[in-house]
Amino acid sequence: MPDISSWHDYFVMVGGGSAALTGLIFVAMTLHLDEITTNPVHRHRARTILMGLTAVFIRCGLVLMGGQSFRAVAIEIVGVLTVVEFLLYSSIRQAMQSADRGVLLRTIGSFACLLLEEAGAIVLFFGNAWGLYVVGLGMMSSFIFMVTGAWLLLVGVGRVEAAGARSAAGR
């Protein structure tokens with residue numbers, strides 16, 4: 001029977017980090033809300049980043065609940081991931097309509113990270129502790145997409161706002 005208690009610090013660190021990043025990104029997005037809500041690519045990035053970080057926080061919180069078996073943890077991870085995958089699949093369909101192919105590729109990459117994490121949870125469910133390493137790898141890989149996606153969102157918004165300022169100054 002796998003011992004998940006040794007993973008406590010990992011899930012505290014990742015859950016706390018995702019909560020902090022969610023707050024910082026939320027504040028940054030509210031400062032540029034008009035541009036984000038009117039641009040479909042920016043809106044897509046904002047939605048998927050916040051959804052992804054929130055889902056990481058939820059998964060970490062569920063894993064940290066005391067007195068659970070490894071099977072309960074695996075079921076919780078798969079349950080949350082199934083909801084996120086469903087929502088992200090809808091985003092993939094929207095991203096396919098985007099003129100920016102990078103958006104589609106990044107969304108598919110994020111989806112692949114979720115599938116990797118889900119595979120690890122399934123391995124854990126069947127009693128193999130190394131499934132948590134796969135869960136961790138999928139989760140950390142997702143962070144790469146979320147953090148770089150947040151950067152691309154803010155850079156994209158900044159470009160649009162800078163172009164608008166130059167245009168207004170030229171009048």
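Every number in this text was worked out from the coordinates using simple rules, so none of it is lab data. Worth saying up front: this structure is predicted, and the values here are computed from it rather than measured. Every residue, glycine among them, receives a Cβ derived from its backbone with ideal geometry; neighbour counts consider all protein chains shown.
A few remarks follow.
- Note on the range 62-95: residues that are farther than 26 Å from TRP7 by Cβ and touching a Leu at 6+ places or on another chain (Cβ under 6 Å) amount to 1.
- Any chance ILE49 is surrounded by 15 or more Cβ atoms within 10 Å (Cβ to Cβ), under 22 Å from ALA112 (Cβ atoms) and without any contact (Cβ under 8 Å) to a residue 24 or more places away in the chain: no
- Options ASP3, ASP9; residue that is within 18 Å of GLY138 (Cα to Cα) and of a type outside the set (S, T, N, Q): ASP9
- Positions within the range 59-74 being surrounded by fewer than 17 Cβ atoms within 10 Å (Cβ to Cβ) and among the aliphatic types (A, V, I, L, M), in sequence order: LEU64, MET65, ALA72
- For SER18, the criteria (1) more than 21 Å from LEU87 (Cα to Cα); (2) surrounded by 19 or more Cβ atoms within 10 Å (Cβ to Cβ); (3) of a type in the set (S, T, N, Q) hold in every case but one, which is (1).
- Subset of the range 92-127 that is within 19 Å of the chain's Cα centre (by Cα) and among the acidic types (Asp, Glu) - its residue that is surrounded by the most Cβ atoms within 10 Å (Cβ to Cβ): GLU117
- Any hit, the range 103-119, residues being among the aliphatic types (A, V, I, L, M) and either under 18 Å from SER6 (Cβ atoms) or outside any helix (DSSP H, G or I) (or both): no
- For the range 132-157, the candidate set comprises residues that are more than 10 Å from the chain's Cα centre (by Cα) and aromatic (Phe, Trp, Tyr); within that set, the residue that is surrounded by the most Cβ atoms within 10 Å (Cβ to Cβ) is TYR133.
- With respect to being within 21 Å of VAL155 (Cβ to Cβ) and assigned to a helix (DSSP H, G or I), PHE57 falls outside the description.
- When the range 1-47 is filtered for residues that are closer than 30 Å to TRP130 by Cβ and either touching a Pro at 6+ places or on another chain (Cβ under 7 Å) or aliphatic (A, V, I, L, M) (or both), the ones remaining, listed by number, are MET1, ILE4, VAL12, MET13, VAL14, ALA19, ALA20, LEU21.
- Taken together, ASP3, ASP9, ASP34 contain a single residue that is in contact (Cβ under 8 Å) with a residue 60 or more places away in the chain, charged (D, E, K, R) and exposed (fewer than 14 other Cβ atoms within 10 Å of the Cβ), which is ASP3.
Matching residues to (1) in contact with a Phe, Trp or Tyr (Cβ under 7 Å, 6 or more places away or on another chain); (2) among the acidic types (Asp, Glu); (3) not in a helix (DSSP H, G or I):
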site: VAL12; (1), (2), (3): no, no, no
site: GLY15; (1), (2), (3): yes, no, no
site: ILE36; (1), (2), (3): no, no, no
site: ARG45; (1), (2), (3): no, no, no
site: GLY66; (1), (2), (3): no, no, yes
site: ALA72; (1), (2), (3): no, no, no
site: GLU76; (1), (2), (3): no, yes, no
site: LEU81; (1), (2), (3): no, no, no
site: LEU87; (1), (2), (3): no, no, no
